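Just so it is clear, none of the values below were taken in a lab; they were calculated from the coordinates. Worth saying up front: this structure is predicted, and the values here are computed from it rather than measured. A quick note on method: Cβ atoms are made from the backbone with ideal geometry, for glycine too, and the neighbour counts reach across all protein chains shown.
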Amino acid sequence: MAEIKTKNFLASSQMAIKDPQLRQALEKVGTGFDGARREAIEEISEAKWEEWRLKAREIKEHTIENLDYYLDMLYTNVTKAGGHVHFARDDNEANAIVSKLVEANNIQIATKSKSMVSEELGLNGVLESLGVDVYETDLGEYIIQLAGETPSHLVAPALHKTKGQVASLFQDKLGIPYNEDIEAMAKTAREILRDKFLNADLGISGANFLVAETGSLVIITNEGNGRLCTSAPRIHIGITGMEKVIPSLEDLATFLRLLPRSATGQRLTSYVSIVTGPRRVTDEDGPEQFHLIIVDNGRSKMLADPKLREALYCIRCGACLNICPVYQKVGGHAYGWVYPGPIGSIVTPNLTVLQNAKDLPFASSLCGACREACPIKINIPRMLLNLREELVQPNSNANSTSKFSEDIAAKSYTKLMKHPGILKLGTMILTGLQKPFLKGGVISSVPIPPLSIWTRSRDLPKLPDKTFHQIWKDSLKDNQDNNG
Amino acid sequence: MKNLGTPKDIFLESIRDCLGKNEGQPVIQRGNLSQSTWELQQLSEDLRLSLNKDIDGLTTKLSATAEARGWNVHHPVNMEGILDVISEITKKWGSTDITRTDQEVFYEYSIDSGLSNLGCKITTIARTDLQEDRIRLREDIISSGIGITGADYAVAETGSVVILPRKGLSRLVSVVPPVHIALVRKQDILRSLDDVFLLRRLDYHLGNDMGSYLNFITGPSRTADIEQTIVIGVHGPKEVHMLLLD
Ligand code: SF4
């Protein structure tokens, strides 16, 4: 699993707020992507947008309530198309499946298109330890791989970097002259990665959606790297969370309308690729093997809790990040793990350990902007309150607790709006909202780590100690225990 | 290859535990999965009729959305017109190496001899089963400056060209060369994404293969990964042309 630094939220956000380069990089978040999103909605009318959102939410609700049924249908249809489906309960198991496939097929070079789940698993480290040369190919992911960092945004992973920082990075790591012309930098990446695509044995992708009806994996991209990763190498592995399944191709149309508009304001991304199994004998090219790895890795926790279940409706568009006053100030890395922003504050504590991420549910002014922006109308503020409640009084559902948190939040929110100064705002987010859980002075007594500790992303994850066979046997045993 | 990881039944049982439910069909079936093939067929026929009545309207709509998404849209009226457009592009890019797929549209509009006369070298995706031929072909695609394909559908709502994989069609022709030219027949223009999926679903439920790679192309390759600044032409084509043919 990718290294978890959720405990450092307070210190990290303070560092972030004081980092002028990050300030500069984050400046455009509210106007850039979010401005484009608003324009796109205006173009098709609020009423139409609302209609699509309701439809999408209904589809997600229905699918998650019947997740077992649709995963089974997906399995049947992927298999029918000649692909393989593997289920992984956790990161170790998912990494073991990939390792097994890498070894069985003598993989030397792998290219990856963007996959947040693979970040969750720390998959690159695992591949490297197996001697595989692995290349991230999405421009943003390529940048952070070179820098040895993790993504700071769901859609634009290198959003925290200024062009000057990217230019220095390229100069450093690629040995080319410093040039902060963005077009020139994109061209450099194209030239370097072109070769890798064509020589790779393995292409790894995430999935934006899985279609149960046809057994298809859908990826939505702009650069073309996703198409190359899934077309040129002889093996394609898709890795994704179990919540990504939707019932039918017809449902897909609704999500194709919502996701690009919410993410970048685009009416549709440049590419939508719908992959169904490996290449057929009659196809001229395409991978000979198609493997789909469906990952739980803690999602069950949210599935089992009716209060948190709707967090699984998320389509990772990033709209709630772009609009969030806290994200806009502290950026993505402060959140300490793979998923930042408002939805990250719910998902991260559940996929990792709530007690170690107890600042995250408080990293919000509960202003409600995220819920407004969310194409699936996910009630993020309510779930944040639920998590706060759980932290204050574990195992208690007393109404008074949530009322308490809400009051605090409402008060802090008013304060925030009165003092929009950047540093002040940041400090208040950090101190005001945290107060009930931090005795006076704790924040200042938290030793501030050197910048490198929290900007450098993660160490190589360890390979699982157990063999694949052991893990499988253990998981069988665990399951019997649970059932018994 | 056997399935790795947690066996399916165990994985699904654990999901049912989380949901507190038993195995079985959803209580309420979502409408579109209970549609019969007959229903889909009716819908498709209605769709075809309504599309055929509105080819001009759809062409206008598609031209507008496609241009907004970054396509260069052309309306050549005859063979000569098509060759003119392509020849302009080869001149602009100083590139005469062309790879084209082997799709139906090229039998209706045989551009090869015309392009050869213009001094272009044309590689056609040969319908081959030989591994060596395939490897050579891949190298040809990589070295070409322009890729030309047909389109199975075009979508007026989104400005997209949709391509289905099959024999004679390499996935790489429309993504590897720096320029992509798509020949679109006006009778293949659909109104919306829903239309595409209706037709694909009908085909699938009639027992035909879904195909390994249904590809929507909507403008050139682009990125906004550095400072949210849009750059055109990252890993895919920098310039894309759509030729609308009667
Ligand atoms: S919670 Fe909603 S707005 Fe946030 S990333 Fe997920 S889908 Fe997008």
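Using the structure shown, list the pairs from A:LYS60/A:LYS301; A:LYS28/A:LYS358; A:LYS114/B:LYS238; A:LYS244/B:LYS238 with a Cα-Cα distance above 26 Å, or answer none. Spell out each step's value before the answer.
Working: A:LYS60/A:LYS301 17 Å; A:LYS28/A:LYS358 29 Å; A:LYS114/B:LYS238 21 Å; A:LYS244/B:LYS238 31 Å.
Exceeds cut-off: A:LYS28/A:LYS358; A:LYS244/B:LYS238.
How much of the DSSP bridge set in the range A:211-340 is antiparallel, in percent, rounded to the nearest 5?
Just about 45 percent of them are antiparallel.
For A:246-252, what's the mean count of beta carbons from other chains sitting within 10 Å of each residue's beta carbon?
Averaged over the peptide's residues, the number is 6.
Under the definition of partner shielding as Cβ atoms of other protein chains within 10 Å of a residue Cβ, what is the mean value for peptide B:13-24? Walk me through the numbers on the way to the answer.
Details: counts 4, 12, 14, 4, 7, 11, 10, 2, 5, 1, 3, 3.
Neighbouring Cβ atoms belonging to other protein chains average 6 per residue here.
Just order A:75-86, B:64-75 by mean Cβ neighbour count inside 10 Å, highest at the front, would you?
So the order, starting with the most tightly packed, is A:75-86, B:64-75.
What number, in percent, do you get for the relative contact order of the range A:109-228 if the mean sequence gap of Cα pairs under 8 Å and at least 6 apart is divided by its residue count?
32 percent
What does the charge count around B:THR59 come to, taking other residues whose C-beta lies under 14 Å from its C-beta (Lys +1, Arg +1, Asp -1, Glu -1)?
Summing Lys and Arg as +1 and Asp and Glu as -1 gives -1.
What does DSSP give for the protein assembly as shown in terms of the percent of beta bridges that are antiparallel, rounded to the nearest 5?
If I count the DSSP bridges inside the protein assembly as shown, around 30 percent turn out antiparallel.
Can you work out the FRET efficiency for the pair B:TYR107 and B:ASN22, with r the C-beta to C-beta distance and R0 = 60 Å, to the nearest 0.05?
0.60
Got the relative contact order for the range A:6-300 handy, in percent, Cα pairs under 8 Å and 6 or more residues apart?
Relative contact order of the range A:6-300: 27 percent.
Report the net charge of residues surrounding B:VAL196, where surrounding means a beta-carbon distance below 14 angstrom and charges are Lys +1, Arg +1, Asp -1, Glu -1.
Details: positive: A:ARG257, B:ARG48, B:ARG191, B:ARG200, B:ARG201; negative: A:GLU250, A:ASP251, B:ASP152, B:GLU157, B:ASP188, B:ASP194, B:ASP195, B:ASP203.
Within the 14 Å Cβ shell, the charges total -3.
For A:LYS196, B:LYS92, A:LYS55, what's the fewest-to-most ordering of other Cβ within 10 Å of each Cβ?
Going from least to most buried by this count: B:LYS92, A:LYS55, A:LYS196.
Residues with beta-carbon under 10 Å from that of B:THR158, excluding B:THR158: net charge, scoring Lys, Arg +1 and Asp, Glu -1? It would help to have the intermediate numbers written out before the result.
Details: positive: A:ARG257, A:ARG267, B:ARG69; negative: B:GLU157.
Summing Lys and Arg as +1 and Asp and Glu as -1 gives +2.
Sorted from fewest to most neighbouring beta carbons within 10 Å, what does the list A:ILE17, B:ILE122 look like?
The most exposed by this proxy come first: B:ILE122, A:ILE17.
Summing -39500 (n - 2.57) over the DSSP H runs of n ≥ 4 in chain B and dividing by its residue number, what mean residue ellipticity at 222 nm do you reach, to the nearest 500 deg cm²/dmol?
Helix contribution divided over all residues of chain B: -12000 deg cm²/dmol.
Using 0.36 nm per residue, how much length does the chain from B:ASN208 to B:SER95 gain when fully extended, once their Cα-Cα distance is taken away?
Result: 36.8 nm gained on full extension.
Taking 8 Å as the Cα distance limit and 6 or more residues as the minimum spacing, I'd like the relative contact order of chain B as a percentage.
On the way: 386 pairs, mean separation 58.5, N = 246.
Normalised by residue count, the contact order of chain B is 24 percent.
How big is the antiparallel share of DSSP beta bridges in chain B, given as a percent to the nearest 5?
Just about 25 percent of them are antiparallel.
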